[in-house]
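As structure tokens, the structure follows; a few thoughts come after it.
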Amino acid sequence: MNGIILIDKEMNYTSHDVVAKLRGIFHQKKIGHTGTLDPQATGLLPICLGNATKVCDLLAEKEKEYIATIRFGITTDTQDIYGAMISEEKSAVTEERFRAVLEKIVGEQEQLTPMFSARKVNGQKLCDLARRGIEIERKTKKITIKETELLAFDYGLQEAVFRVVCSAGTYVRTLCHDMGQELSCGACMSALRRTKTGPFSIENARKIDEVANIVQAFGEESLLISADSLFMHLPKTDVVGEEGKRFLANGNPLRAEHLNQWPDGQFLVYNEGIFTGIYEHKHKSENIAKPVKLFF
């Protein structure tokens, strides 16, 4: 079974927990997730099955959208409300001050990876070192904040809810921590929900319990999205002729006569309506297209 399923991850599940649950539901070993969500975070987690696991890395690098809650006046070692408290002070952040800081973070910036993260340095997860009380020097990473939007502000609770659209690899809790420093009061993230990953949205996602019920009632295929849904911006073509089909099955380069259309650049190749691979025709003068990624 091949395809992508959109899961609405619930709190206290790890991304690996979700994969393990789905292995049991679909009775399939070849399953992978497309970007870790912390156990306390909720929201969209695309899961790839079968040959669609070949797009796991591609999906993980897609732009993300999150809804986050920031709590002012508190800092923790994990930069979220679940960590050990470092400082707590009375804060009086106004909506106008926070809105200004939220607008200010839009654009390209360098972000320091938090110690409590799954990123590896010299083969070791930073979070494993952090749990042993070890802090090491980390390099900053370039990130892009494309959009921010203030959704709610509570002066009494000193909390705000905001939406952020950002590049892959952005730590939203670090954004909260850094905005707290900018506001001179400290801050941490108190809730996080991922709402978009690339072309996929939380509106089309299902909770794990729902998945089991839908599979039982309507079958497995009813939930699967084809891997080619990630590449709808590319032109499509079909392989034709026995030689063309043989070349495609062996992962060989294709010529113009093997296809019913001959696009320039990258394009999707189908065999009798089944998505089979991405090919690329680099030079207009050449009668050859080479495989970029195959899905069989």
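Within the group Gly107, Gly83, Gly73, Gly50, which residue is on the phi > 0 side of the Ramachandran plot and in contact (Cβ under 8 Å) with a residue 60 or more places away in the chain? Steps first, please.
Numbers: Gly107 fails: in contact (Cβ under 8 Å) with a residue 60 or more places away in the chain; Gly83 fails: on the phi > 0 side of the Ramachandran plot; Gly50 fails: in contact (Cβ under 8 Å) with a residue 60 or more places away in the chain.
None of the others qualify; the one that does is Gly73.
Only one of (1) exposed (fewer than 15 other Cβ atoms within 10 Å of the Cβ); (2) within 22 Å of Gln216 (Cβ to Cβ) is not met by Met11, so which one is it?
(2)
I need the full set of residues from the stretch 156-182 which are touching an Asp or Glu at 6+ places or on another chain (Cβ under 6 Å) and closer than 18 Å to Ile86 by Cα, in order please.
Selection gives Arg173 alone.
Against the definition (hydrophobic (A, V, I, L, M, F, W, C) and in the same structural domain as Gly35 (by TED's automatic domain parsing)), how does Leu223 come out, yes or no? Explain how you work it out, then say what you get.
On the way: hydrophobic (A, V, I, L, M, F, W, C): yes; in the same structural domain as Gly35 (by TED's automatic domain parsing): yes.
So Leu223 passes the test.
So which strands (runs of 3 or more DSSP E) stay within the stretch 1-76 end to end and still have 3 or more residues that are of a type outside the set (A, V, I, L, M) and within 30 Å of Val93 (Cα to Cα)? Before you say what the answer is, go through the steps one by one.
On the way: elements: 3-9, 31-33, 42-49, 64-72, 74-76.
Hits in the stretch 1-76: 64-72.
Look through Gly251, Gly156 and report the one residue that is at pLDDT below 95 and part of a loop (DSSP other than H, G, I, E, B).
Details: Gly156 fails: at pLDDT below 95.
Result of the check over Gly251, Gly156: Gly251.
Let's see how each residue does on (1) at pLDDT 95 or above; (2) farther than 20 Å from Ala187 by Cβ; (3) outside the structural domain of Gly73 (by TED's automatic domain parsing):
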position	(1), (2), (3)
Met85	no, no, no
Lys90	no, no, no
Phe98	yes, no, no
Ile105	yes, no, no
Gln109	no, no, no
Leu112	no, no, no
Val121	no, yes, no
Thr144	yes, yes, no
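Out of curiosity, is Gln216 surrounded by fewer than 12 Cβ atoms within 10 Å (Cβ to Cβ) and over 30 Å from Gln79 (Cα atoms)?
Details: surrounded by fewer than 12 Cβ atoms within 10 Å (Cβ to Cβ): yes; over 30 Å from Gln79 (Cα atoms): yes.
Yes.
The values are calculated or read from the model by the stated rules, or taken from the named source; none is laboratory data. Because the structure is a prediction, the values reported are computed rather than measured. Please note: Cβ atoms are built from the backbone with ideal geometry, for glycine as well, and neighbour counts cover all protein chains shown.
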